Each structure stands twice: as C-alpha cells, then as structure tokens.
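Take a look at the structure below.
Where a number appears in this text, it was derived from the coordinates with a stated rule and is not lab data. This one's a predicted model, so the numbers in the text were calculated from it and none came from an experiment. Note that we place each Cβ from the backbone using ideal geometry, even for glycine, and neighbour counts take in every protein chain shown.
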Amino acid sequence: MKDWVINLTVVLADGRIIKTRKRPRKSSAGYNLTGLFIGSEGTLGLVTEVTLKLAVIPQETSVAVVTFPTIRDAAAAASKVLRVGVPIGAMEIMDEIQMSVINRTGATGGKKWKEVPTMFFKFSGTKAGVQENIHLVKDLAKAHKSQDFDFAASGEEATTLWSARKEALWSMLAMRKEGSGNEVWSTDVAVPISRLPDIIEISKKEMDDLGLFASVLGHIGDGNFHESILYNNKDPVERARVEECVHRMVDRALAMEGTCTGEHGIGLGKKESLIKELGLDTIGVMKAIKGALDPYWLMNPGKHNEMASPPHEPY
Ligand SMILES: *[C@@H]1O[C@H](CO)[C@@H](O)[C@H](O)[C@H]1NC(C)=O
Ligand SMILES: *[C@@H]1O[C@H](CO)[C@@H](O)[C@H](O)[C@H]1NC(C)=O
Ligand SMILES: *[C@@H]1O[C@H](CO)[C@@H](O)[C@H](O)[C@H]1NC(C)=O
C-alpha cells in the first residue's frame, strides 16, 4: 500500500493541518513525511485525506492454482519463481489446514478443493506475456514436485479460483463454535524470502506439537505470512500455549533477520518485539518524533513504540 500513496493531509495533535507532499513523481525536497505517517498507526496525527496513484488496467489477467506435496516444496517453488524473475501479479500460499477450512466451509460457491498445500498465482500483462509467464511458472512448479496445475480459462473462473484466497480469513472465523469461547488469533511476521520455507515449516510443526488448530497463509512474494490459530480464550492453559507459540514465531523471524510484523503492525501486542527488533537507540528516535508531534499523548496513546508513561501530564 505504502508505494501507492502520493501524499497525505494530516491533522496534527495541536490542530494544524499539513500536506505531506506535492504531486510530481519525483521529489527530494525535505524529510519523507508521507513515509513517516504511513505505518505510524495513528500515533502521530489523524490522516484525513490520502491521494493514491492510479495503475494501468492490464490487458489480460489470469489465475493459476497449483498444489504441492508439502509446504516446503510450495515455498521453494515460490522462491525459485522470484529468483528467476518471472513477473507475477500476486503469489499466495495456503497450507493444507487452511485449504481444508475453505473446502469444508464451502465459502467458494460449492467448489471442492484438495486439502493439500496450495499456491495461488495471479498473472497480468499482455496476452502473450501472460501465456508465457504461465508456462514458465508451470515448469518451475513441476521441478518442485507440483501436482495439479489449474489455470482459469475465463474471467469468471479466475474469480472463483481467487475467491479461495479472499475467503481464507472468513472461513477460519466461521469455524468458531458459538458460545464456546473460540477465537481466532491472527498474527503475521515477515522474513527474507530465502528463509520462508524454514520458518513456515518450523512454525507449523510447533503448532502441531502443541496440539493447536492453526493454519498458515502467506503473501509469499513479500516473505510475509500469517498464522491463524483457533483457540478457546476461556481456557488459560490454551491461551498461554498460543501466546508462547506466537512469541516463539516472532523470535524465530527476528533470528532470521526478519520483522515481527509484515502488515498487522505493532499496536499493543508487539511493543516488546519492536524493541527486540530495532533496539533502544532506534526506539529512542521514534519516541523523540512522538514527543515532538504529540507531547500530550492525544494520538492513539500507548500504542506502537512508547515504553513508559507519557512525558507530560495530559491537559
Ligand atoms: C497531492 O497529490 C495530488 C495528485 O497528484 C495533487 O492533485 C495534489 O495537489 C497534491 N497535494 C498537494 C498539497 O500538492
Ligand atoms: C516516501 O515514503 C513513501 C512510503 O514509504 C514511499 O512510497 C515514497 O517512495 C517515499 N518517497 C521518497 C521521496 O523517498
Ligand atoms: C472437501 O469438502 C467436501 C465437503 O464439502 C468433502 O466431501 C470432501 O471430501 C473434501 N475434500 C477432501 C479432499 O477432503
């Protein structure tokens, strides 16, 4: 998303209204305030206006769905596709649990899915380009033990195939039993793409060993993946197990030179992880920025990077 933002209008804590930037494509004028406010989780100001770039609608788009014997094979195929440089619109991975949830909840208009690790590719470009890229991906996938390779013959079929990806979270939420205390803990980390097969495999095994029902879904082209864990939040033992599992996954991502969150953000839950990831000096710079823009802690207080209490008494 951040790459699509041209400029922002922001209301500051003291009531001033600023624009972060003008319209040319290129600018080296001043600090990058657009970048500063994006991802600050509302802790620095209220964004009231966002101007986005427009993209050219591609001549052709298509979707392919490819199954693999293991999540490691799928992740390895994805990493190969990236390293060869095949242009891909989107590349998503779902493990056998996630596919089973989608299949069982019937969220995709009655389509039946194999309950195995599956990758979803979106191709876009010219007609000839899309055809060529589909072939390249098919060959690379085959070299990584792919089983079925379905590609959409029509726009409608592409929508049906892609709907599995869109329904992933909702299907998982639909697994909760009413009144049971069931909740879905949804979290994410990101690592360098070369480490993705390792972290997904280890994290999955750990959840299985702890007896947790959890699925993995990844935006694999970004090295970013999500774990959705179905658990009973009225059961303190189970809750503690989930927490431990998430903390270990975050530590593992950091040990692999990754980040504690690819897109969910820090909020309250990952403040400690942010310190581990960046260190106190870097957090100190973030705190200085917070202090300069919002000395009275009016903007989403206590989130993101603050460690102790507000530096000043509130008004
Ligand atoms: C923000 O970008 C848009 C689109 O390029 C432009 O129309 C607008 O004038 C820009 N805002 C400012 C303050 O220059
Ligand atoms: C500023 O940050 C935004 C968001 O991260 C990014 O898209 C943009 O390219 C940056 N602009 C400059 C001039 O670095
Ligand atoms: C997918 O779900 C259907 C029910 O919706 C079930 O009949 C079928 O066995 C499932 N597929 C697999 C591979 O388990």
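Data table
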{"item": "Gyration tensor verdict on the chain (Cα atoms; rounded if a/c is under 1.5, prolate if a/b is larger than b/c, oblate otherwise)", "result": "oblate"}
{"item": "Value at 222 nm in deg cm²/dmol, rounded to 500, when DSSP H runs of n ≥ 4 in the chain each add -39,500 (n - 2.57)", "result": "-12000 deg cm²/dmol"}
{"item": "Most mobile listed residue (153, 107, 74) in the chain, GNM with C-alpha springs under 10 Å", "result": "153"}
{"item": "Long-range amide H partners of residue 125 with built H, under 5 Å", "result": "59, 60"}
{"item": "Average Cα contact separation per residue, the range 56-171, under 8 Å, 6 or more apart, as relative contact order %", "result": "43"}
{"item": "For the range 32-51 and the range 134-172, distance of Cα centres in Å", "result": "35"}
{"item": "When the convex hull of its Cα atoms is projected in every direction, mean area for the range 2-55 (nm²)", "result": "3.9"}
{"item": "Loop GluC sites (Glu not before Pro), the range 133-191, which have at most 11 other Cβ atoms in a 10 Å radius of their Cβ (DSSP)", "result": "178"}
{"item": "Whether the range 60-164 is rounded, prolate or oblate, judged on the alpha carbon gyration tensor where a/c under 1.5 counts as rounded", "result": "oblate"}
{"item": "C-alpha long axis of helix 280-293 to longest principal axis of the chain, angle in °", "result": "60"}
{"item": "For the range 221-231, 3J(HN,Hα) per residue [Karplus equation, 6.51 cos²θ - 1.76 cosθ + 1.60, θ = phi - 60°, Hz, x = Gly/Pro]", "result": "x, 9, x, 10, 9, 10, 10, 10, 10, 8, 8"}
{"item": "Gyration tensor over alpha-carbon atoms, the range 202-300, equivalent ellipsoid semi-axes in Å", "result": "29, 17, 12"}
{"item": "Over 27 Å (Cα to Cα) - which of 142/204; 127/166; 166/204; 53/114; 2/138 fall in this group", "result": "53/114; 2/138"}
{"item": "Rounded tilt (10° steps) of 236-255 against the dominant C-alpha axis of the chain", "result": "90"}
{"item": "The chain: angle of helix 196-209 to the longest principal axis, Cα-based, in degrees nearest 10", "result": "90"}
